[in-house]
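As structure tokens, the structure follows; a few thoughts come after it.
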Amino acid sequence: AAKPHVNNRQIPLNVGRVPAGGSSINVMLWARGHRNDWDDFAHESGNRAWGYESVLKIYQRVEDYQGPADETRRGRGGLVHVSPARNPQPIANALLDGARQLGIPTFDSPNGEMMEGRGGAAINDLIIKNGRRHSIYRAYVHPRRGQANLTVLTDTLVSRLIFSGKRVIGVEVIREGQVERFMAAREVVLSLGAVNTPKVLMQSGIGPEDELQRHGIKVIQHLPGVGANHQDHVSFAVIFEYQDPQPIGHGGSEATLYWTSDNSLRLPDMFHCQVEFPVPSAENATLNVPAHGWTMFAGLAHPKSRGQITLSGAQPTDAPMIQANTLSEPEDLRNAIQNIRLVQELGAQSSFNGLVRRESLPGKLGSKELEHYARNAAVTYWHQSCTAKMGCDRMSVVDGTLKVYGIEGLRVADASIMPHVTSGNTMAPCVVIGERAVEEIRSAHGL
């Protein structure tokens, strides 16, 4: 929905409607989150299995890491092929040099020591194997397609949960125009993402009773947190013109910078991704965009603004309504300006001499003009999350074992369960959430 905080724009939000979801269409960045993200999850859920110490063991188990050895933090031989960007372009190395010139430390990896402290800059870890995207589907599902206990259905819309009282006993789907039902012997796991998980929960009768009643949906379990607490990373493009055209490296994003603007903060508030070509928002595309250049997305790692997912109707084909409320909290706009200023300072460092001709956008603007630019520049990092959050308060939807409150036989395992969005791209934390679900299911059923 269009909002005044972003000059009444509608910011496009895309989802991956293919096996592996976002990991089949994203920028392939493996970002594990900050130590304190996971310790916060453990605190919020009351379950130590979500703490950094435990999650580190999961990451070591699932990774097949191709970078410099780090036995205390990284793993080899796991299912997920993770590798630093190979032979990064000069612009990526210039970013690391520029960060050092600003007094920001650089690291071998953005996923080890760097995310246990204030942050820093590093060459990205990517899920690229032999020059090709190695999606989470490719890593986990593709090798097992022949198993008797695995069926993968595409072009299939999950329409609603099937209940016996307050126990979920199966799911209903629409496939090739026909309604089909699949029954569960033990339990059902919803993994539809932060937009469609709350949609299916609500359309099945689990959610805020006023929202359900508005659409004539029978309330099976009142849970006010379903669809609430929507969070996403928001970013603002700062674009620089190249001296001469430069090649584009792996996926176009080879370097990143996280930073904690105030040392008293528990988590980095700045989350910057370098992209090796110009990427303005639609509204800023008519401005001074160079034909050849690079972009630094000056991002908010932990925006204060909160959005909501609501329903447009009770039918499976009725689209969910996404109210992201981007920049609705004034502090987010102040932090956006601070982020943009940092990137402008970074891009002016001598490390870019010979590569970069000038800063194209936003350029030298007064504070009011820069605020206007930021409202027009704001775009999503496509890290929608937190709409069925894990926790112990009345707005929590799942407990520390990912079970939905008040319902038997149902868990959620996707970005919607995050109490707050992690520091960085959300694909790797989603793998941890899936692995944690497996641990809890194995434990519950003695598997």
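The values are calculated or read from the model by the stated rules, or taken from the named source; none is laboratory data. Since the structure is predicted, the reported quantities are computational estimates derived from the model, not experimental observations. So basically every Cβ, Gly included, is an ideal-geometry build from the backbone, and we count neighbours across all protein chains shown. Protein only, heavy atoms only, side chains kept; ligands, DNA and RNA dropped before computing areas. Shrake-Rupley method; radii C 1.70, N 1.55, O 1.52, S 1.80 Å.
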Review point. Listed residues A139, A122; which is in a helix (DSSP H, G or I), hydrophobic (A, V, I, L, M, F, W, C) and open to solvent by less than 30 Å² (accessible area, probe 1.4 Å)?
Key: A139
Check your understanding: Condition test on M114, is it within 23 Å of M390 (Cα to Cα) and either without any contact (Cβ under 8 Å) to a residue 12 or more places away in the chain or open to solvent by less than 70 Å² (accessible area, probe 1.4 Å) (or both)?
Key -> no
Practice item. Could you grab me the full set of residues in segment 354-371 that are outside any loop (DSSP other than H, G, I, E, B), open to solvent by 60 Å² or more (accessible area, probe 1.4 Å) and free of Cβ contacts under 8 Å to residues at least 40 places away in the same chain? Key: S367, K368, E369
Practice item. For segment 310-333, enumerate the residues that are of a type in the set (D, E) and closer than 21 Å to A378 by Cβ. Key: E329, E331, D332
Exercise for review: Say whether the condition of being within 24 Å of the chain's Cα centre (by Cα), among the hydrophobic types (A, V, I, L, M, F, W, C), modelled with pLDDT of 95 or more and over 30 Å from V219 (Cβ atoms) is met by at least one residue in segment 384-397.
Suggested key: no
Check your understanding: Quick check: is even one residue across segment 300-314 farther than 27 Å from E187 by Cα, hydrophobic (A, V, I, L, M, F, W, C) and modelled with pLDDT of 95 or more?
Key -> yes
Check your understanding: From the residues in segment 316-353 that are in contact (Cβ under 8 Å) with a residue 60 or more places away in the chain and among the small types (G, A, S), which one is most open to solvent (accessible area, probe 1.4 Å)?
Key -> S350
Practice item. Tally the residues that are in contact with a helix residue (DSSP H, G or I) (Cβ under 7 Å, 6 or more places away or on another chain) and open to solvent by 10 Å² or more (accessible area, probe 1.4 Å), restricting the search to segment 206-222. Key: 4
Revision key, fill the gap. Screening G347, G409 for residues that are at positive phi and modelled with pLDDT of 95 or more leaves only G409
Check your understanding: If you scan segment 150-165, which residues turn out to be surrounded by 10 or more Cβ atoms within 10 Å (Cβ to Cβ), of a type in the set (S, T, Y) and in contact (Cβ under 8 Å) with a residue 60 or more places away in the chain?
Key -> S159
Review point. Assuming R436 fulfils every condition listed in (1) closer than 19 Å to G51 by Cβ; (2) under 17 Å from the mean Cα position of the chain (by Cα); (3) open to solvent by less than 30 Å² (accessible area, probe 1.4 Å) apart from one, which condition is it?
Key: (2)
Exercise for review: With the condition kept exactly as written, say whether any residue in segment 207-215 is among the hydrophobic types (A, V, I, L, M, F, W, C) and either in contact with a strand residue (DSSP E or B) (Cβ under 7 Å, 6 or more places away or on another chain) or part of a loop (DSSP other than H, G, I, E, B) (or both).
Suggested key: no
Review point. Restricting attention to segment 223-274, and to residues there that are without any contact (Cβ under 8 Å) to a residue 40 or more places away in the chain and either in contact with a Lys or Arg (Cβ under 6 Å, 6 or more places away or on another chain) or within 22 Å of L327 (Cα to Cα) (or both), which single residue is surrounded by the fewest Cβ atoms within 10 Å (Cβ to Cβ)?
Key: D262
Check your understanding: Looking at K129, is it open to solvent by 30 Å² or more (accessible area, probe 1.4 Å), out of contact with any Asp or Glu (no Cβ under 7 Å at 6 or more places or on another chain) and either of a type in the set (D, E) or closer than 26 Å to M390 by Cβ (or both)?
Key -> no
Check your understanding: Can you name the number of the only condition in (1) open to solvent by 50 Å² or more (accessible area, probe 1.4 Å); (2) hydroxyl-bearing (S, T, Y); (3) within 24 Å of the chain's Cα centre (by Cα) that S83 fails?
Key -> (1)
Study note, to complete from the structure: Expected single match for surrounded by fewer than 18 Cβ atoms within 10 Å (Cβ to Cβ) and touching a helix residue (DSSP H, G or I) at 6+ places or on another chain (Cβ under 7 Å) among R61, R35, R48 is R48
Exercise for review: Please tell me if V27 is at pLDDT below 95, hydrophobic (A, V, I, L, M, F, W, C) and surrounded by 15 or more Cβ atoms within 10 Å (Cβ to Cβ).
Suggested key: yes
Point to revise | Subset of segment 166-192 that is touching a strand residue (DSSP E or B) at 6+ places or on another chain (Cβ under 8 Å) and outside any strand (DSSP E or B) - its residue that is surrounded by the fewest Cβ atoms within 10 Å (Cβ to Cβ) | key: K166
**Study point:** Flag for P320 being at pLDDT 95 or above and closer than 30 Å to V158 by Cβ
**Key:** yes
**Study point:** I104 vs. criteria in a strand (DSSP E or B), touching a strand residue (DSSP E or B) at 6+ places or on another chain (Cβ under 7 Å) and surrounded by fewer than 20 Cβ atoms within 10 Å (Cβ to Cβ)
**Key:** no
Check your understanding: Does W294 count as assigned to a loop (DSSP other than H, G, I, E, B) and among the aromatic types (F, W, Y)?
Key -> no
Point to revise | Pairs with Cβ under 8 Å, 6+ apart, first in segment 28-44 and in a helix (DSSP H, G or I), second aliphatic (A, V, I, L, M) and open to solvent by less than 20 Å² (accessible area, probe 1.4 Å) | key: R35/M115; W38/V55; F41/M390; F41/M418; E44/M390
